[in-house]
Structure formats: structure tokens, C-alpha cells
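**Q** Before we start, here is the structure in question, set down as C-alpha cells.
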Amino acid sequence: MTALLNVPAILVVAAVTTLLVIGVKESANVNSTTTILKVAALLAFIVAGTGFLLNHPDVFRANWKEFIPPNAVLGGYYAQAINKNAPHPAAARLWEEFLYSQGATGGQNLWIEGGARPVEQAAMTSNGSINTSAASKLPAVSGTPTFLSPSQATDAANYLAANWAKAVG
């Protein structure tokens, strides 16, 4: 018995393979084109938005309003530490020294520029190293601050997580 070639089956397989190869190539081309268009649209949005914000710096703070309820003076600490197992403890120490430095470009003035009252504020006011422009923008605070216990801080965080969306919309 001799085996005969099934020519029609070979032709059908060749035709289906050709169609699949063409389809995969076309699909890849369409996919690449849509990806390029999406990236171009995103970049155009970023460029246009950046251009607008650079020309209108007032927009950055237009909808931000500081609100400090009366008689609700609440303090908080920014904890910093150096891990004894840090790969470069000397570099970590230099970073800490920078954060607590009182110079004009020191870390304590950066805290003020960020809207936080630095731990060295009284000393900086006394020795004249405080950024008076940034310090004058800090909201007025009167009274003795209250510091939350860890459990109070956890309760406050849980409350905010549960109710933030309702409060801000």
C-alpha cells in the first residue's frame, strides 16, 4: 500500500496558515498604531497642562483653603531615625544633620516652606536664620497643642478613611 499525498488538505492548511500570518501582522500593526496614538495624546495633554500651569501659577492654589478649627490645636511629630544596619550610616547621619540644620537653605527652612512648623523654629527666629517669608505664610496658632496618642491617631486615620469621600465629594 502506498501513501498518497492529500493535496487538497495541504492547500487548505497552507491557505489557513497564510491567513493567520497576515492577520497576526495586521493585528500587530494596528496595536502598535493605537499605542503610539495613545502615548501621543497623553504627552500632548501633559505638555498642554504643564504649559497652562506654568503660565497660571495661581491655579495651583485656587481651590486650596487652609482651615484650622478654633480651639482645635493639634500637634504632630515628624519622626526621623537612622537604622544601625543602614548600608551607609554616615550618609544617613549627614541627611539627619541636613534636616535639622538651621541655615538659609537648611532642612528646617524646608519644613517651613512645606507648611510645617520645624522643631527649631524658636531658635531660628532668635538667631535670624528663619525664612521669614515662608514663616509668615504659616497659619496662626494659639493655645497649647494637643498630641494624639497612638490609639487616637489610629482612630482618626480610620475615621478619615471611612468618611473622607463624603466630606470632600
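Taken together, the values in this text are just the output of simple stated rules run on the coordinates, not laboratory data. What you see is a predicted model, and the numbers here were worked out from it, not measured in a lab. Neighbour counts run over all protein chains shown; Cβ positions are idealised from the backbone, glycine included.
**Q** Can you list residues whose amide H is under 5 Å from L74's amide H, if they're 5+ apart or on another chain and H is modeled 1.01 Å from N?
**A** T146
**Q** Between 0 and 90 degrees, rounded to the nearest ten: what's the tilt of helix 7-55 against the longest Cα principal axis of the chain?
**A** Orientation of helix 7-55: about 20 degrees from the principal axis.
**Q** Determine which aspartates and glutamates satisfy two conditions relative to K137: a Cα distance under 18 Å, and not lying fewer than 8 residues away in the same chain.
**A** D58, E66, E113, E120
**Q** Right, another one. Could you run the Karplus curve 6.51 cos²θ - 1.76 cosθ + 1.60 with θ = phi - 60° over the range 142-157 and give me ³J(HN,Hα) per residue in whole Hz, x for Gly and Pro?
**A** 10, x, 9, x, 9, 10, 6, 6, x, 5, 5, 5, 5, 4, 5, 5
**Q** Compare the Cα positions of W95, I22, M124 along the charge dipole of the chain (+1 at Cβ of Lys, Arg; -1 at Cβ of Asp, Glu; about the Cα centre) and return the one farthest towards the positive end.
**A** Toward the positive end, the furthest listed residue is I22.
**Q** For helix 89-99, report the angle its Cα long axis makes with the longest principal axis of the Cα atoms of the chain; keep it between 0 and 90° and round to the nearest 10°.
**A** Taking Cα atoms only, the helix is inclined about 60 degrees.
**Q** Under 20 Å from a point placed 7 Å out from the Cα of N29 along the Cα-to-Cβ direction: which residues of the range 4-21 have their backbone N that close?
**A** Of the residues in the range 4-21, 15-21 have backbone N under 20 Å from the label point off N29.
**Q** What does the convex hull of the alpha-carbon atoms of the chain project to on average, in nm²?
**A** Projected area, direction-averaged: 24.3 nm².
**Q** Separate question: Tell me the mean residue ellipticity at 222 nm calculated for the chain from its helices only (DSSP H runs of n ≥ 4, each -39500 (n - 2.57), averaged over every residue, nearest 500).
**A** Roughly -19500 deg cm²/dmol at 222 nm, from the helical runs in the chain.
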